[in-house]
Amino acid sequence: MSHDDMRAGRIRRAPENFLTEGQIADVTKGRRDFLRKAFLTASAAVAAPGVALAAKGEDAILNLPPWSTSLGKPVAANPYGVPSQYESNLVRRESPGLTRVGGSSVAFAPLQGLFGIITPSGLHFERHHQGWHDIDPGQHRLMINGLVKKNMVFNMDDIMRLPSVSRIHFIECGANTGMEWGNVAVPTVQYTHGMLSCSEFTGVPLRDLLEYCGADFKKGRYILAEGADGSSMTRTIPMELVESGEVIVAYGQNGEMLRPENGYPLRLVVPGVQGVSWVKWLRRIEVGDQPYAAKDEAVHYIDMMPDGQHRQYTSTQEAKSVITSPSGGQILLTKGFYNITGLAWSGKGKIKKVDISTDGGINWQPARLETPVLSKALTRFNFEWNWDGKPCILQSRATDDTGFVQPGYGQLREVRGTKSIYHNNAIQSWKVIESGEVSNVQVL
Ligand code: MTE
């Protein structure tokens with residue numbers, strides 16, 4: 001790329017701090033002009049880092065700032081490190097009015113501001129059916145029963161002494177993008193796709209624990225996983241997944257213990273499968289000979305088909321991708337070079353390619369996949385783009401190594417209708433208008 005091509009456009013990256021409940025409601029009604037106003041007001045009050053630098057020009061490099069002429073803070077001033085005060089805008093957020101009580105809600109991960117594929121543990125999305133507890137690991141137990149020779153109860157020490165594995169996997173709630181089945185509903189990628197995170201999990205393969213208890217793998221073709229919270233969260237998982245060695249009874253997340261919100265001290269990791277099966281605060285595994293038809297699989301987390309029937313046990317998250325920047329709510333402040341970046345993933349394996357369209361799906365060009373490209377993990381993609389200042393529609397389309405291609409809204413609705421909540425993996429479109437404002441639109 002030549003130096004001229006690199007004349008970077010400027011982007012207002014993270015508008016979420018300027019979005020009030022009322023403004024989000026305005027977007028859903030189609031009024032978007034507030035974004036520009038919100039930006040102008042906010043940048044007058046507290047200039048964004050890039051804008052501040054531009055305004056000060058050479059002063060900022062010629063005059064030594066206080067941090068170059070004074071003693072800094074000592075080591076361990078923060079025994080547990082926290083992000084810079086200037087990053088306070090990058091936080092999990094609740095979608096106003098989504099649920100009546102916070103104990104049974106979602107906090108969305110701020111995908112628009114993250115890099116690479118690992119979600120910082122403090123920004124991992126949260127989805128609880130009945131709130132979260134910080135459980136004393138000394139009191140936590142895991143029972144294994146059902147079609148096993150020995151019913152067993154493990155404490156945390158028993159589990160953490162066993163040989164462990166560490167693997168990077170994404171977790172996506174089956175309801176991610178669920179508000180968008182019928183029409184555009186939310187303004188930013190945090191709300192359209194933020195029930196998605198990716199971590200390195202550490203724990204013991206469930207297969208090893210079942211072998212230890214003498215599980216009957218012939219008759220016992222299913223397991224039931226149960227959480228210790230008050231939500232009676234139970235899920236059936238087919239034994240093939242456990243036998244593959246992929247299902248982990250995990251205590252570690254990104255090099256430390258799980259966070260309480262994400263299941264501390266023990267959670268199930270079921271790679272490729274929708275988040276609800278990743279039972280948190282895991283207290284019991286039962287081995288059985290048939291699916292259990294628990295409430296969270298018989299009536300919830302099912303697909304409402306166009307003929308009114310419910311499709312159950314569609315647990316695998318199919319190939320999907322999203323451009324995280326530029327994305328809804330951001331503003332391209334000038335013409336020029338932009339790095340289109342985003343995430344792709346598949347519950348069936350690895351991402352093989354991601355194509356980008358800047359003209360609403362007429363032409364497609366391959367994006368660069370960044371390493372590592374791992375099975376059932378997020379894959380980061382980048383694409384170099386020069387914005388000529390004209391209106392355009394940005395899209396990404398993932399293909400996984402089974403050959404599955406992410407569908408458009410038209411294709412998906414033909415099969416699934418518009419009444420579902422779960423398993424929406426349609427191609428996401430971000431519209432850029434001449435003013436540079438980026439908004440959520442749907443292209444059939
Ligand atoms: N496990 C228990 N025990 N209770 C819950 O409410 N929520 C499930 C699953 N495991 C839940 C649970 C749902 S619906 C999802 S999407 C994931 O946990 C969310 O995991 P996270 O909060 O770590 O992101």
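The values are calculated or read from the model by the stated rules, or taken from the named source; none is laboratory data. It should be emphasised that the depicted structure is a prediction, and the values quoted were computed from it without experimental measurement. Glycine also receives a Cβ, built like all others from the backbone with ideal geometry; neighbour counts cover every protein chain displayed. Accessible surface is based on the protein model in full, side chains and every heavy atom, while ligands, DNA and RNA are left aside. Shrake-Rupley method; radii C 1.70, N 1.55, O 1.52, S 1.80 Å.
Couple of notes before you dig in:
- Wholly within the stretch 280-381, strands (runs of 3 or more DSSP E) carrying at least 3 residues that are within 16 Å of the ligand (Cβ to nearest atom): 282-288
- Residue selected from the stretch 112-145 under the condition away from the ligand (no atom under 11 Å from the Cβ) and crowded, with 20+ Cβ neighbours inside 10 Å, by the criterion farthest from Glu200 (Cα to Cα): Ile144
- Residue match in the stretch 363-375 (condition: open to solvent by 30 Å² or more (accessible area, probe 1.4 Å) and modelled with pLDDT under 95): no
- Members of the stretch 169-208 that are open to solvent by less than 20 Å² (accessible area, probe 1.4 Å), more than 12 Å from the ligand (Cβ to nearest atom) and among the hydroxyl-bearing types (Ser, Thr, Tyr): Thr177, Thr188, Tyr191, Thr192
Table: residues versus (1) out of contact with any His (no Cβ under 9 Å at 6 or more places or on another chain); (2) on the phi > 0 side of the Ramachandran plot; (3) among the aromatic types (Phe, Trp, Tyr).
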{"site": "Tyr212", "(1), (2), (3)": "yes, no, yes"}
{"site": "Phe217", "(1), (2), (3)": "yes, no, yes"}
{"site": "Pro271", "(1), (2), (3)": "no, no, no"}
{"site": "Gln274", "(1), (2), (3)": "no, no, no"}
{"site": "Ser277", "(1), (2), (3)": "yes, no, no"}
{"site": "Arg283", "(1), (2), (3)": "no, no, no"}
{"site": "Val299", "(1), (2), (3)": "no, no, no"}
{"site": "Pro306", "(1), (2), (3)": "yes, no, no"}
{"site": "Ala319", "(1), (2), (3)": "yes, no, no"}
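- Filtering the stretch 403-419 to residues that are assigned to a loop (DSSP other than H, G, I, E, B), surrounded by fewer than 22 Cβ atoms within 10 Å (Cβ to Cβ) and under 22 Å from the mean Cα position of the chain (by Cα) leaves Phe404, Pro407, Gly408.
- Count of the stretch 268-279 residues which are within 11 Å of the ligand (Cβ to nearest atom) and either modelled with pLDDT under 95 or farther than 24 Å from Lys219 by Cα (or both): 3
- Residue match in the stretch 421-431 (condition: at positive phi and more than 21 Å from the chain's Cα centre (by Cα)): no
- Top-ranked residue of the stretch 252-267 - restricted to ones that are more than 8 Å from the ligand (Cβ to nearest atom) and not in a loop (DSSP other than H, G, I, E, B), ranked as surrounded by the fewest Cβ atoms within 10 Å (Cβ to Cβ): Glu256
- Criterion applied to Val443, Val438 was being open to solvent by less than 50 Å² (accessible area, probe 1.4 Å), assigned to a strand (DSSP E or B) and in contact with a strand residue (DSSP E or B) (Cβ under 7 Å, 6 or more places away or on another chain), and the one residue passing it is Val438.
- Thr334 vs. criteria of a type in the set (Ser, Thr, Tyr), out of contact with any helix residue (DSSP H, G or I) (no Cβ under 6 Å at 6 or more places or on another chain) and either under 29 Å from Glu437 (Cβ atoms) or open to solvent by less than 20 Å² (accessible area, probe 1.4 Å) (or both): yes
- Selection within the stretch 384-399 - under 13 Å from Leu343 (Cα atoms) and open to solvent by less than 20 Å² (accessible area, probe 1.4 Å): Gln395, Ser396, Ala398, Thr399
- Residue in the stretch 209-238 that is nearest to Gln312 (Cα to Cα), counting only those that are open to solvent by 60 Å² or more (accessible area, probe 1.4 Å) and more than 12 Å from the ligand (Cβ to nearest atom): Tyr222
- Hits in the stretch 73-87 - residues which are assigned to a loop (DSSP other than H, G, I, E, B) and loosely packed, with under 10 Cβ neighbours inside 10 Å: Lys73, Pro74, Val75, Ala76, Ala77, Asn78, Pro79, Tyr80, Gly81, Val82, Ser84
- Qualifying residue in the stretch 154-161 (condition: part of a loop (DSSP other than H, G, I, E, B), within 30 Å of Pro372 (Cα to Cα) and away from the ligand (no atom under 16 Å from the Cβ)): yes
- Subset of the stretch 187-224 (residues that are assigned to a helix (DSSP H, G or I) and under 24 Å from Arg283 (Cβ atoms)): Leu206, Arg207, Asp208, Leu209, Leu210, Glu211, Tyr212
This table checks each residue for (1) part of a helix (DSSP H, G or I); (2) small (Gly, Ala, Ser); (3) touching a Phe, Trp or Tyr at 6+ places or on another chain (Cβ under 9 Å); (4) in contact (Cβ under 8 Å) with a residue 60 or more places away in the chain.
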position	(1), (2), (3), (4)
Thr99	no, no, no, no
Gly103	yes, yes, yes, no
Gly116	no, yes, no, yes
Gln130	no, no, no, yes
Ile144	no, no, yes, yes
Ile168	no, no, yes, yes
Ile171	no, no, yes, yes
Asn176	no, no, yes, yes
